[in-house]
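Here's the structure we're looking at; comments come further down.
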Amino acid sequence: ATKCTKCGPGYSTPLEAMKGPREEIVYLPCIYRNTGTEAPDYLATVDVDPKSPQYSQVIHRLPMPYLKDELHHSGWNTCSSCFGDSTKSRNKLILPGLISSRIYVVDVGSEPRAPKLHKVIEASEIQAKCNVSSLHTSHCLASGEVMVSTLGDLQGNGKGSFVLLDGETFEVKGTWEKPGDAAPMGYDFWYQPRHNVMVSTEWAAPNVFKDGFNPAHVEAGLYGSRIFVWDWQRHEIIQTLQMTDGLIPLEIRFLHDPSATQGFVGCALSSNIQRFYKNAEGTWSVEKVIQVPSKKVKGWMLPEMPGLITDILLSLDDRFLYFSNWLHGDIRQYDISNPQKPRLAGQIFLGGSIVRGGSVQVLEDQELTCQPEPLVVKGKRIPGGPQMIQLSLDGKRLYATTSLYSAWDKQFYPDLIREGSMMLQIDVDTVNGGLKLNPNFLVDFGKEPLGPALAHELRYPGGDCSSDIWI
């Protein structure tokens with residue numbers, strides 16, 4: 001990796017990050033809300049070192065002090081955006097609660113293999129200072145602050161705001177955006193200071209999604225379909241990109257190259273990938289570049305089943321785009337050497353709703369000639385479908401978990417509630433493209449000490465391609 005005597009956390013460039021050490025442990029939140037187990041969510045530490053006797057096992061569990069937080073995504077106190085500051089150290093993991101609206105700060109620096117709770121930022125403090133609820137994505141900023149996106153106000157209506165924390169004391173400083181300038185709805189965000197821009201997406205108001213998915217809410221226009229473009233210095237929305245056929249834009253990623261003026265967003269319900277970019281006039285535009293066709297089905301809640309793209313990733317060299325179709329059950333790899341025309345390079349099925357022998361019969365399929373076989377790893381049939389994904393720094397290993405959000409898991413994959421979620425690992429061909437399951441890796445969260453748990457987003461101690469932003 002980079003040789004530097006006064007470097008801060010992370011790496012100087014995305015390409016330097018690709019030379020970083022192989023991941024040995026992974027952190028991921030495990031959720032008990034909606035499972036019937038009355039226990040707090042916890043942060044699991046998983047050993048992913050093939051040389052370790054504890055390979056593919058949970059080696060530590062850090063329970064939170066409260067019940068029903070619905071831990072979801074996580075971020076860092078500092079990252080590669082602070083690479084030039086040798087006083088900074090990536091030693092705290094930021095864990096917001098999607099339902100409780102608390103933020104947990106976890107010390108992963110003292111003992112990386114056995115994290116401990118550093119601080120609890122109570123919802124009451126966040127609500128009093130920011131008037132927000134339902135916290136989602138956290139990113140570290142070059143200023144030394146931590147920024148966390150929100151989905152709602154105190155009544156559970158939509159409010160796309162951003163909470164600012166002091167990166168040392170973790171005191172709530174207030175909101176990032178100008179007063180009164182929150183977006184109508186919120187979810188994910190990514191910033192690119194060289195172009196004075198931040199982009200954010202929208203899921204739905206907490207009152208809409210919290211208890212499950214209702215198709216009538218789609219008809220009523222209660223789910224998001226826009227990207228908000230913000231002036232990074234002025235902290236205000238300068239453009240709203242209304243997507244054509246872009247329902248529920250969730251994860252959004254700029255290319256890692258900090259000089260890039262484009263990126264991608266995964267639209268879950270419309271099951272497509274849209275490219276956003278700076279146009280010739282100097283404003284921002286969006287266009288659809290990948291479409292996953294729905295399948296006509298029998299035995300499901302609707303006559304057509306979307307892929308439901310729930311997570312996307314870009315390799316650090318900006319060569320490959322990865323995404324998961326949670327309902328169809330596949331992960332795809334696209335070569336984005338030409339970002340306007342992504343080319344399918346790899347695909348693998350890891351369960352899903354259309355497997356052979358299940359309750360769903362596929363009547364018409366534009367892509368497959370037959371329903372995929374159920375996936376069995378180490379003797380275990382995999383329930384659910386691939387959801388959150390994380391790529392190794394060198395791009396050669398992809399990890400996946402199967403839980404989306406407890407209320408939606410319960411609705412779409414009841415077997416996840418009974419059996420717990422799974423963590424899988426896929427080997428990636430970075431030369432020719434291609435995805436291949438590692439048959440020796442399985443973390444079965446159905447076997448947890450307190451009962452089956454729902455494991456969600458994955459993080460490596462040294463940072464990864466969805467948490468690091470270069471400036």
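The values are calculated or read from the model by the stated rules, or taken from the named source; none is laboratory data. Values in this document were obtained by computation on a predicted structure and should not be read as measured data. Glycine also receives a Cβ, built like all others from the backbone with ideal geometry; neighbour counts cover every protein chain displayed. Note: accessible area is taken over every heavy atom of the protein model, side chains too, but ligands, DNA and RNA are not part of it. Shrake-Rupley method; radii C 1.70, N 1.55, O 1.52, S 1.80 Å.
Which one of these is basic (Lys, Arg), assigned to a loop (DSSP other than H, G, I, E, B) and at pLDDT 95 or above: Arg194, Arg234?
Values: Arg194 fails: assigned to a loop (DSSP other than H, G, I, E, B).
Exactly one residue qualifies, and that residue is Arg234.
The number of residues in the stretch 421-471 that are open to solvent by less than 10 Å² (accessible area, probe 1.4 Å), of a type in the set (A, V, I, L, M) and under 18 Å from Gly351 (Cβ atoms) comes to 9.
In the stretch 244-262, the residues that are free of Cβ contacts under 8 Å to residues at least 12 places away in the same chain and within 16 Å of Val218 (Cβ to Cβ) form no Cβ pair under 6 Å with any partner that is open to solvent by 10 Å² or more (accessible area, probe 1.4 Å) and assigned to a loop (DSSP other than H, G, I, E, B), whether six or more places apart or across chains. Among the residues making up the stretch 62-73, those that are open to solvent by less than 30 Å² (accessible area, probe 1.4 Å) and either closer than 18 Å to Val172 by Cβ or part of a strand (DSSP E or B) (or both) are Leu62, Asp69, Leu71. Looking at this structure, is Leu321 of a type outside the set (S, T, N, Q), touching a helix residue (DSSP H, G or I) at 6+ places or on another chain (Cβ under 6 Å) and either open to solvent by less than 30 Å² (accessible area, probe 1.4 Å) or closer than 20 Å to Val428 by Cα (or both)? For Leu321, the condition - of a type outside the set (S, T, N, Q), touching a helix residue (DSSP H, G or I) at 6+ places or on another chain (Cβ under 6 Å) and either open to solvent by less than 30 Å² (accessible area, probe 1.4 Å) or closer than 20 Å to Val428 by Cα (or both) - is not met.
Yes or no: the stretch 270-289 includes at least one residue that is aliphatic (A, V, I, L, M), more than 24 Å from Trp203 (Cα to Cα) and either open to solvent by less than 20 Å² (accessible area, probe 1.4 Å) or in contact (Cβ under 8 Å) with a residue 24 or more places away in the chain (or both). No, that holds for no residue.
Yes/no per residue for (1) within 18 Å of the chain's Cα centre (by Cα); (2) more than 19 Å from Gln333 (Cα to Cα):
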{"residue": "Gly266", "(1), (2)": "yes, no"}
{"residue": "Ser271", "(1), (2)": "yes, no"}
{"residue": "Gln274", "(1), (2)": "yes, no"}
{"residue": "Ala280", "(1), (2)": "no, yes"}
{"residue": "Lys288", "(1), (2)": "no, no"}
{"residue": "Lys295", "(1), (2)": "no, yes"}
{"residue": "Lys298", "(1), (2)": "no, yes"}
{"residue": "Pro303", "(1), (2)": "no, yes"}
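Output the residues belonging to the stretch 39-56 that are in a loop (DSSP other than H, G, I, E, B) and either open to solvent by less than 10 Å² (accessible area, probe 1.4 Å) or among the small types (Gly, Ala, Ser) (or both).
Going residue by residue through the stretch 39-56, those that are in a loop (DSSP other than H, G, I, E, B) are 39-41, 48-56.
Hits for the stretch 39-56 are Ala39, Asp41, Val48, Ser52, Ser56.
Out of the residues in the stretch 171-191 meeting the condition of being under 19 Å from Leu95 (Cβ atoms) and assigned to a loop (DSSP other than H, G, I, E, B), tell me which one is most open to solvent (accessible area, probe 1.4 Å). First the steps, then the outcome.
Going through the stretch 171-191, the residues under 19 Å from Leu95 (Cβ atoms) turn out to be 171-173, 186-189.
Keeping just the survivors that are assigned to a loop (DSSP other than H, G, I, E, B) gives 171, 186-188.
Details: Glu171: 93, Gly186: 4, Tyr187: 12, Asp188: 3 Å².
Going through the qualifying residues, I end up with Glu171.
Out of all the residues in the stretch 3-26, is one or more farther than 29 Å from Asp427 by Cβ, surrounded by fewer than 19 Cβ atoms within 10 Å (Cβ to Cβ), among the aliphatic types (A, V, I, L, M) and touching a residue at least 24 places away in the same chain (Cβ under 8 Å)? It would help to see each step written out before you state the result.
Initially, the stretch 3-26 is screened for residues farther than 29 Å from Asp427 by Cβ, giving 3-8.
So of that shortlist, the ones also surrounded by fewer than 19 Cβ atoms within 10 Å (Cβ to Cβ) come out as 3-7.
Retained after the next criterion (residues that are among the aliphatic types (A, V, I, L, M)): none.
So far as the stretch 3-26 goes, no, none of its residues is farther than 29 Å from Asp427 by Cβ, surrounded by fewer than 19 Cβ atoms within 10 Å (Cβ to Cβ), among the aliphatic types (A, V, I, L, M) and touching a residue at least 24 places away in the same chain (Cβ under 8 Å).
Under the condition of being farther than 20 Å from Tyr66 by Cα and either at pLDDT below 95 or exposed (fewer than 14 other Cβ atoms within 10 Å of the Cβ) (or both), the residues counted in the stretch 107-125 number 3. Could you say whether any residue in the stretch 427-438 is β-branched (Val, Ile, Thr), in a loop (DSSP other than H, G, I, E, B) and touching a helix residue (DSSP H, G or I) at 6+ places or on another chain (Cβ under 7 Å)? Checking the stretch 427-438: not a single residue is β-branched (Val, Ile, Thr), in a loop (DSSP other than H, G, I, E, B) and touching a helix residue (DSSP H, G or I) at 6+ places or on another chain (Cβ under 7 Å).
When only residues in the stretch 313-351 that are aromatic (Phe, Trp, Tyr) and outside any loop (DSSP other than H, G, I, E, B) count, which is farthest from Asn279 (Cα to Cα)? Don't jump to the end; show me each part of the working.
Going residue by residue through the stretch 313-351, those that are aromatic (Phe, Trp, Tyr) are 320, 322-323, 326, 334, 349.
Okay, now just the ones that are also outside any loop (DSSP other than H, G, I, E, B), so 320, 322-323, 334, 349.
On the way: Phe320: 23, Tyr322: 25, Phe323: 25, Tyr334: 23, Phe349: 36 Å.
Once the filter is applied, the top-ranked residue is Phe349.
Looking only at residues in the stretch 204-240 that are of a type in the set (Phe, Trp, Tyr) and in contact (Cβ under 8 Å) with a residue 60 or more places away in the chain, the one that is surrounded by the fewest Cβ atoms within 10 Å (Cβ to Cβ) is Phe213.
Looking at the stretch 148-170, is at least one residue assigned to a strand (DSSP E or B), open to solvent by 10 Å² or more (accessible area, probe 1.4 Å), in contact with a strand residue (DSSP E or B) (Cβ under 8 Å, 6 or more places away or on another chain) and within 26 Å of Thr240 (Cβ to Cβ)? Yes, the stretch 148-170 contains at least one residue that is assigned to a strand (DSSP E or B), open to solvent by 10 Å² or more (accessible area, probe 1.4 Å), in contact with a strand residue (DSSP E or B) (Cβ under 8 Å, 6 or more places away or on another chain) and within 26 Å of Thr240 (Cβ to Cβ).
Can you find even one residue in the stretch 244-257 that is over 23 Å from Gln387 (Cβ atoms), open to solvent by 10 Å² or more (accessible area, probe 1.4 Å) and of a type in the set (A, V, I, L, M, F, W, C)? Yes, the stretch 244-257 has at least one match.
Looking only at residues that are assigned to a loop (DSSP other than H, G, I, E, B) and open to solvent by 10 Å² or more (accessible area, probe 1.4 Å) in the stretch 383-412, which one is nearest to His136 (Cα to Cα)? Before the answer, list the steps.
Step one: of the stretch 383-412, the residues assigned to a loop (DSSP other than H, G, I, E, B) are 383-388, 392-396, 402-405.
Next, only the ones that are open to solvent by 10 Å² or more (accessible area, probe 1.4 Å) stay: 393-394, 396, 404.
Values: Leu393: 24, Asp394: 27, Lys396: 28, Leu404: 13 Å.
Among those residues, the one meeting the criterion is Leu404.
When the stretch 324-341 is examined, which residues are found to be more than 25 Å from Glu16 (Cα to Cα) and surrounded by fewer than 23 Cβ atoms within 10 Å (Cβ to Cβ)? Even if it seems obvious, please write down each step before you answer.
To start, the set of residues in the stretch 324-341 that are more than 25 Å from Glu16 (Cα to Cα) comprises 324-332, 340-341.
Answer for the stretch 324-341, where residues must be more than 25 Å from Glu16 (Cα to Cα) and surrounded by fewer than 23 Cβ atoms within 10 Å (Cβ to Cβ): Gln340, Lys341.
Of Ile94, Ile59, Ile31, all but one fail to be of a type in the set (A, V, I, L, M, F, W, C), closer than 24 Å to Thr401 by Cβ and surrounded by fewer than 23 Cβ atoms within 10 Å (Cβ to Cβ); the exception is Ile59. Within the stretch 355-381, being among the β-branched types (Val, Ile, Thr) and either more than 15 Å from Phe412 (Cβ to Cβ) or open to solvent by 40 Å² or more (accessible area, probe 1.4 Å) (or both) holds for Val362, Thr369, Val376, Val377.
Please work out if Asp409 is at pLDDT 95 or above, charged (D, E, K, R) and over 18 Å from the mean Cα position of the chain (by Cα).
Numbers: at pLDDT 95 or above: yes; charged (D, E, K, R): yes; over 18 Å from the mean Cα position of the chain (by Cα): no.
In short, no.
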